[in-house]
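A.B. asks: Questions regarding the structure given below will be posed in turn.
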Amino acid sequence: MTDAVNTLKQWVDESDNIVFFGGAGVSTESGIPDFRSVDGLYHQQYDYPPETILSHTFYRRMTEEFYRFYRAKMLALSAQPNAAHKKLAQWEQEGKLRAVVTQNIDGLHQAAGSKKVYELHGSVHRNYCEKCGAFYDAEYILHSTGVPVCEKCGGRIKPDVVLYEEGLDTATMQGAVRAISHADVLIIGGTSLTVYPAAGLIDYYNGSKLVLINRSVTPMDSRADLLVQGSIGEIFSRL
């Protein structure tokens, strides 16, 4: 076990006020692809970049094409929590972890057992009719065709995910800021810390135990009190 992991383990053992802030790298180890990574299949099937398709404007203007991409790339409903998700849920049950703040929309933290989760970008598991507000789960969207419509009123159903050009939910952001600002240990993992406003949450941390876990360097590395490089699932399995 490396010195960095040893130090992290000691900080975790000594704390009862940990907050975890994670990004796409937490989910990729469960087999969920980062939609920003460009693969051959994507090139063959889509005429627009992911950021364009997942924008509010595109959703409004080309809803059927939006849903074609969304079903194929964003609904990985067979994915299972990995070691990082499970360890975080365990820490919460032990009274050590106060909250998870996540940029992911896959619901894997809750699937692992985490209760206090701030989903900055929403969740694929919540979908609502834009006309009457009726709720639909992710399975309904996955098995629908074309543009999914409400069985009650015929209105269009929209995923409760934050698209490009849309603002983050105020209450969710306030909860995340509150948790981070009061944390003793802040562990950030699986995120490049380049997507704002989420990346700006690091500025609210007031403590002296800022941990960055990532496979590669981030713009915030110099601000970390502890850097741990490697697979987040493997590192968490050693804690």
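A.B. asks: Among (1) open to solvent by less than 10 Å² (accessible area, probe 1.4 Å); (2) at pLDDT 95 or above, which single condition is L201 missing?
C.D. replies: Among (1) open to solvent by less than 10 Å² (accessible area, probe 1.4 Å); (2) at pLDDT 95 or above, the lone unmet condition for L201 is (2).
A.B. asks: Something else now. Tell me, yes or no, whether segment 1-13 has at least one residue that is assigned to a loop (DSSP other than H, G, I, E, B) and at pLDDT 95 or above.
C.D. replies: No, that holds for no residue.
A.B. asks: Here's something else I'd like to know. Only one of (1) modelled with pLDDT under 95; (2) touching a helix residue (DSSP H, G or I) at 6+ places or on another chain (Cβ under 7 Å) is not met by E51, so which one is it?
C.D. replies: Here E51 clears every test but (2).
A.B. asks: While we're here: Select from segment 159-177 the residues that are of a type in the set (D, E, K, R) and either within 16 Å of the chain's Cα centre (by Cα) or buried (at least 19 other Cβ atoms within 10 Å of the Cβ) (or both) and list them in ascending order.
C.D. replies: To start, the set of residues in segment 159-177 that are of a type in the set (D, E, K, R) comprises 160, 165-166, 169.
Once the filter is applied, which keeps residues that are of a type in the set (D, E, K, R) and either within 16 Å of the chain's Cα centre (by Cα) or buried (at least 19 other Cβ atoms within 10 Å of the Cβ) (or both), segment 159-177 yields D160, D169.
A.B. asks: Residue by residue through segment 129-152, note down the ones that are out of contact with any helix residue (DSSP H, G or I) (no Cβ under 6 Å at 6 or more places or on another chain) and open to solvent by less than 50 Å² (accessible area, probe 1.4 Å).
C.D. replies: Selection gives C129, G133, A134, Y136, A138, I141, S144, C150.
A.B. asks: Say we look at segment 204-223 and pick out the residues that are part of a loop (DSSP other than H, G, I, E, B) and within 15 Å of V19 (Cα to Cα); which of these is most open to solvent (accessible area, probe 1.4 Å)?
C.D. replies: Of everything passing the filter in segment 204-223, N206 is most open to solvent (accessible area, probe 1.4 Å).
A.B. asks: Please enumerate the residues belonging to segment 44-75 that are open to solvent by 70 Å² or more (accessible area, probe 1.4 Å) and within 20 Å of E139 (Cβ to Cβ).
C.D. replies: E64, R68
A.B. asks: Starting from segment 30-49, take each residue that is of a type in the set (D, E) and list its partners that are at pLDDT 75 or above and open to solvent by 70 Å² or more (accessible area, probe 1.4 Å), counting only C-beta distances under 9 angstrom and pairs at least six apart or across chains.
C.D. replies: Final answer for the pair search is D39/P33.
A.B. asks: Still on this structure, please answer the following. Checking I105 against (1) at pLDDT below 95; (2) in a loop (DSSP other than H, G, I, E, B); (3) within 26 Å of G155 (Cα to Cα), only one condition comes out false. Which one?
C.D. replies: It is condition (1) that I105 fails.
A.B. asks: Could you check how many residues of segment 17-48 are at pLDDT 90 or above, in a loop (DSSP other than H, G, I, E, B) and of a type in the set (S, T, N, Q)?
C.D. replies: Qualifying residue count for the region: 2.
A.B. asks: Sort through L239, L193 and tell me the only one that's touching a Pro at 6+ places or on another chain (Cβ under 8 Å), assigned to a loop (DSSP other than H, G, I, E, B) and surrounded by 15 or more Cβ atoms within 10 Å (Cβ to Cβ). Can you show your working first?
C.D. replies: Values: L239 fails: touching a Pro at 6+ places or on another chain (Cβ under 8 Å).
The match here is L193.
A.B. asks: Can you tell me which residue among R98, R126 is buried (at least 20 other Cβ atoms within 10 Å of the Cβ), touching a residue at least 24 places away in the same chain (Cβ under 8 Å) and not in a loop (DSSP other than H, G, I, E, B)?
C.D. replies: R98
A.B. asks: Next question. Mind checking which pairs have a first residue in segment 140-159 that is under 19 Å from H125 (Cβ atoms) and modelled with pLDDT of 95 or more and a second that is charged (D, E, K, R) and part of a loop (DSSP other than H, G, I, E, B), Cβ under 9 Å, 6 or more apart or different chains?
C.D. replies: If the second residue must be charged (D, E, K, R) and part of a loop (DSSP other than H, G, I, E, B), the pairs left are Y140/E151; C150/E130; C150/K131; R156/E130; R156/K131; I157/E130; K158/E130.
A.B. asks: Of the numbered conditions (1) free of Cβ contacts under 8 Å to residues at least 60 places away in the same chain; (2) surrounded by 19 or more Cβ atoms within 10 Å (Cβ to Cβ); (3) aliphatic (A, V, I, L, M), I180 fails exactly one; give the number of that condition.
C.D. replies: Just one mismatch for I180, condition (1).
The values are calculated or read from the model by the stated rules, or taken from the named source; none is laboratory data. Worth saying up front: this structure is predicted, and the values here are computed from it rather than measured. Every residue, glycine as well, gets a Cβ built from its backbone with ideal geometry; the counts of neighbours run over all protein chains shown. These area figures cover heavy atoms from the full protein model, side chains too; ligands, DNA and RNA do not enter into them. Shrake-Rupley method; radii C 1.70, N 1.55, O 1.52, S 1.80 Å.
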